[in-house]
Amino acid sequence: MSNSIELPFSTTLMVRDTCLCLHVQRAARALARLFDDALRPTGLTNGQFSLMMSLNRPEPPPMGPVAALLAMDQTTLTAALKPLQRRGWVAVVENPRDRRGRLLSLTAEGKAVLARALPIWESTHAALDDELPGGVLRLRQDLQALSGVTVEAPKPAEASGRPRQSGRATGD
């Protein structure tokens, strides 16, 4: 005799059909493959593109805000930075205000790679936007709400249809 509890297969089907986590993970993997394939000629993955874009700021950011924006811990961010540093695309330097901290910046070569990747990202995004029924604005808003990212309303001069992220994650 077994004391194990058997779950009916109908429960498996119900979870398969209704689990938001499963559907978001599947969509994330599909999007990652799409953008990885598109960005391959630049030598970047979609994750590296996002990381490098998060460093494209007027002043080099510390690791904490970058990790928060990318929803990763600092150890994971450090590992993600290593190949970009080896390629000479990202610089990690001691923070002069806090010697324990590090500041992150794009090198000139990193900026050039990012500039080459941006039109590919834009065209891939535009094609994806056109394919989604009902557009992507609501999807983007719902995903941002789920991830806890606050979104700044675009100023009238910069209204582009794509909301800007503030870079701050809530709840941290």
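The table for this structure:
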| quantity | calculated |
| --- | --- |
| Output for the stretch 75-93, where each listed residue is open to solvent by 50 Å² or more (accessible area, probe 1.4 Å) and within 15 Å of the chain's Cα centre (by Cα) | T76 |
| Residue pairs meeting the criteria (Cβ under 9 Å; at least 6 apart or on separate chains; first part of a helix (DSSP H, G or I), in the stretch 129-148; second among the small types (G, A, S) and open to solvent by 80 Å² or more (accessible area, probe 1.4 Å)) | S147/A71 |
| Of residues in the stretch 108-122 being open to solvent by less than 60 Å² (accessible area, probe 1.4 Å) and in contact with a Lys or Arg (Cβ under 9 Å, 6 or more places away or on another chain), the one nearest to A91 (Cα to Cα) | G110 |
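Residue by residue, here is whether (1) among the aliphatic types (A, V, I, L, M); (2) open to solvent by less than 80 Å² (accessible area, probe 1.4 Å); (3) in contact with a Leu (Cβ under 9 Å, 6 or more places away or on another chain); (4) within 27 Å of E131 (Cα to Cα) holds:
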site: M14; (1), (2), (3), (4): yes, no, no, no
site: L22; (1), (2), (3), (4): yes, yes, no, yes
site: R33; (1), (2), (3), (4): no, no, no, yes
site: L44; (1), (2), (3), (4): yes, yes, yes, yes
site: G47; (1), (2), (3), (4): no, yes, yes, yes
site: A67; (1), (2), (3), (4): yes, yes, yes, no
site: G101; (1), (2), (3), (4): no, yes, no, no
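The values are calculated or read from the model by the stated rules, or taken from the named source; none is laboratory data. The shown structure was predicted, so the numbers you read here are calculated from the model rather than taken from an experiment. Don't worry about glycine lacking a Cβ; one is built from the backbone with ideal geometry, like all the others, and counts go over all protein chains shown. Ligands, DNA and RNA are excluded from the accessible area calculation, which covers all protein heavy atoms including side chains. Shrake-Rupley method; radii C 1.70, N 1.55, O 1.52, S 1.80 Å.
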